[in-house]
Amino acid sequence: MIPRSNADRLLTQILVGEVRPPLGDRFGYRVDADGQPFLLPGMGGVTLGVRVGDPATGHAADHLEPGLSVWHPDPAADHALQYLTCVGNEVTVLIEGRPRGRVLGQHASVLVDLDDAAAVVPGDRVAIRARGQGLRLLDHPEVGVRNLDPDLLPRLPVQTAPDGRLRVRVAARVPSSAVGAGAGMVSEFANTDLMGVTDVRIGDLVVLLDQDHRFGRGHRAGYVAIGTISTGDCRLFGHGPGPSTLFTGPATAFDLVDDPAANLGAAW
């Protein structure tokens, strides 16, 4: 059964941002966990060749942000983009032809997956129909929902199980020891980097064990956080592909089912 929610009580705001230029360091090279220097593309801009359903790792990249990286040069407006956009929100690029896509997650920018990314360049403006923060599951009071468009919920492999728990299909189970950068941040900002996790795809639903993302991100035994992989390869120590949080709460509130096909691609 699709979980009941308070979706009819949520507001929609139209947020505007622009495609961020690719980011670089004036000194060029960075150093990986083994002390090896590297110079690779990654954050910002329009990144082609990696989309929802594609492997998150194995690319010649660092801090890979698939699709469009969207921000706002005004800090307050940029915070609104980070905190109010949700996975699945509709995005319209404000150029001729008006390509449309969906929010994939958050990192240093809001990440957008769309079919016509090659038609977009840095500086192009986008409009995002931000809706989802404040979403609650009425029959699952122990489960916190974060960063999720309510229209995406019925298309995800998520349902109320016969025993009353929230059944979620997940492509991978990640131990708390793999959690790197992102711990300590609020769960509505950026994502969680996972160390040593390589066999995941962009858009995979994964569960982080012994992680509590209700009021920040941190280790708490007996809790879990479930998110969708929104970023790819990272070469810096303590970094890696990372999920944007969707659900979190005590492990006893969830019925987790292993399913390698659990990916946003089936819901897009």
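Take region 11-22 and flag every residue that is part of a loop (DSSP other than H, G, I, E, B) and either crowded, with 17+ Cβ neighbours inside 10 Å or not hydrophobic (A, V, I, L, M, F, W, C) (or both). Those that are part of a loop (DSSP other than H, G, I, E, B) and either crowded, with 17+ Cβ neighbours inside 10 Å or not hydrophobic (A, V, I, L, M, F, W, C) (or both): T12, R20, P21, P22. For G35, the conditions (1) under 24 Å from R146 (Cα atoms); (2) open to solvent by less than 100 Å² (accessible area, probe 1.4 Å); (3) not aromatic (F, W, Y) are fulfilled apart from (1). From the residues in region 157-174 that are of a type outside the set (D, E) and in a loop (DSSP other than H, G, I, E, B), which one is least open to solvent (accessible area, probe 1.4 Å)? Here the answer is A161. Scanning region 60-76 for residues that are part of a loop (DSSP other than H, G, I, E, B) and either at pLDDT below 95 or within 16 Å of S230 (Cα to Cα) (or both) turns up A61, D62, H63, L64, E65, P66.
In contact with a Leu (Cβ under 8 Å, 6 or more places away or on another chain) and free of Cβ contacts under 8 Å to residues at least 12 places away in the same chain, is that true of G28? Yes; evaluated as a whole, the condition is true for this residue. The conditions of being of a type outside the set (D, E, K, R), open to solvent by 60 Å² or more (accessible area, probe 1.4 Å), farther than 19 Å from I202 by Cα and modelled with pLDDT of 95 or more are met by P154. For G44, indicate whether it is open to solvent by 70 Å² or more (accessible area, probe 1.4 Å), touching a residue at least 60 places away in the same chain (Cβ under 8 Å) and not in a helix (DSSP H, G or I). No: the conditions fail for G44. Is one or more of the residues making up region 235-246 among the hydroxyl-bearing types (S, T, Y) and within 18 Å of the chain's Cα centre (by Cα)? Yes, region 235-246 contains at least one residue that is among the hydroxyl-bearing types (S, T, Y) and within 18 Å of the chain's Cα centre (by Cα). When the residues of region 132-142 are filtered to those that are of a type in the set (D, E, K, R) and either over 23 Å from D212 (Cα atoms) or touching a Gly at 6+ places or on another chain (Cβ under 8 Å) (or both), the one that is most open to solvent (accessible area, probe 1.4 Å) is E142. Scanning region 146-191 for residues that are β-branched (V, I, T), touching a residue at least 40 places away in the same chain (Cβ under 8 Å) and in contact with a strand residue (DSSP E or B) (Cβ under 6 Å, 6 or more places away or on another chain) returns V158, V168, V170. Scanning region 206-245 for residues being aromatic (F, W, Y) and out of contact with any Asp or Glu (no Cβ under 6 Å at 6 or more places or on another chain) gives a total of 2. Among the residues of region 91-119, those that are touching a residue at least 40 places away in the same chain (Cβ under 8 Å) and within 19 Å of L152 (Cα to Cα) comprise R102, V103, L104, G105, Q106, V110, L111, V112, D113, L114.
The values are calculated or read from the model by the stated rules, or taken from the named source; none is laboratory data. Model, not experiment: these values are computed from the prediction. Heads up, the Cβs are rebuilt from the backbone with ideal geometry, glycines too, and the neighbour counts pull from every protein chain shown. These area figures cover heavy atoms from the full protein model, side chains too; ligands, DNA and RNA do not enter into them. Shrake-Rupley method; radii C 1.70, N 1.55, O 1.52, S 1.80 Å.
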